[in-house]
Amino acid sequence: MELYICDIKENNIKDNFEEYLGRLSSEDQKKVLDCKVRDVALLRLARYLLFDQVCRKKFGGHIPPTVLGDHGKPFFLPPYDENYFNISHSGDMVILGLSKAPIGVDVEKIERFHGKKGIIRFFGDGEKELLQKDDSDREFCRIWTYRESFSKLIGQGLVLFEKEQVTIDHENDRVSFKGKDYIFSSFERDGYIITACMTEADGIWVKTVSDLGILCVHNTENMV
């Protein structure tokens, strides 16, 4: 799979807000401008820009139409439906995963989480033990991205963990669910934990977007 990373500050989206906004469709422009909180508007703008620029590059200048599934997960419509995508954002970072197989991605800024106790109740006993490590905020963030990316791959969101007992094998970066096996690939970058959940062992090609105008890829790694 390919994972595209966009940093709002590196791309000067705040200083070039009007210019970047003008690159979006009128419908997406309205969604950005409807945001009452400036930081939320910046994230939404970056999200739309990243999606549009990557799609144009991958699909011959076209932006494939999408549809929302029963639980709100977006999918490409035919004839692009053999491709899968997923988007996540946190802090100043937006990521977009593209693959030929179902995927889920999540990014979280490493920081102290508010409301952690309410979330930990969905963790397994092994995960609660992992939180006893010295850097519990980092470990909590990593566990959270595993669960978030898996729930996004399944397409049910975090409500999945309220309905189902899901045990993640963190030692082997795997999870089994209803007879199927899924794997995780996770790494840390610039104070963020980034995790992808996939249906097969497919290396992750990480592409950092340094110029949204031409989608300049200045750093590529094969994360296995």
Worksheet item: Consider GLY61 against the criteria (1) in contact with an Asp or Glu (Cβ under 9 Å, 6 or more places away or on another chain); (2) within 27 Å of PRO102 (Cβ to Cβ): it satisfies all of them except one. Which criterion is unmet?
Response: (1)
Worksheet entry | Test set (1) within 29 Å of GLU27 (Cβ to Cβ); (2) surrounded by 14 or more Cβ atoms within 10 Å (Cβ to Cβ); (3) touching a helix residue (DSSP H, G or I) at 6+ places or on another chain (Cβ under 8 Å) - GLU127 fails condition number | (1)
Worksheet, complete the sentence: Filtering segment 52-86 for residues that are within 28 Å of LYS14 (Cβ to Cβ) and either modelled with pLDDT of 95 or more or charged (D, E, K, R) (or both) leaves a count of 7
Worksheet item: Would a scan of segment 159-167 turn up a residue that is farther than 17 Å from GLU2 by Cα, charged (D, E, K, R), surrounded by 12 or more Cβ atoms within 10 Å (Cβ to Cβ) and modelled with pLDDT under 80?
Response: yes
Response to the item:
Condition set under 16 Å from SER90 (Cα atoms) and of a type in the set (S, T, N, Q), scope segment 130-154, selection surrounded by the fewest Cβ atoms within 10 Å (Cβ to Cβ): answer is THR145
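The values are calculated or read from the model by the stated rules, or taken from the named source; none is laboratory data. Everything numeric here is computed off the predicted structure, so don't read it as measured data. Cβ: placed from backbone, ideal geometry, glycine included. Neighbour counts: every protein chain shown.
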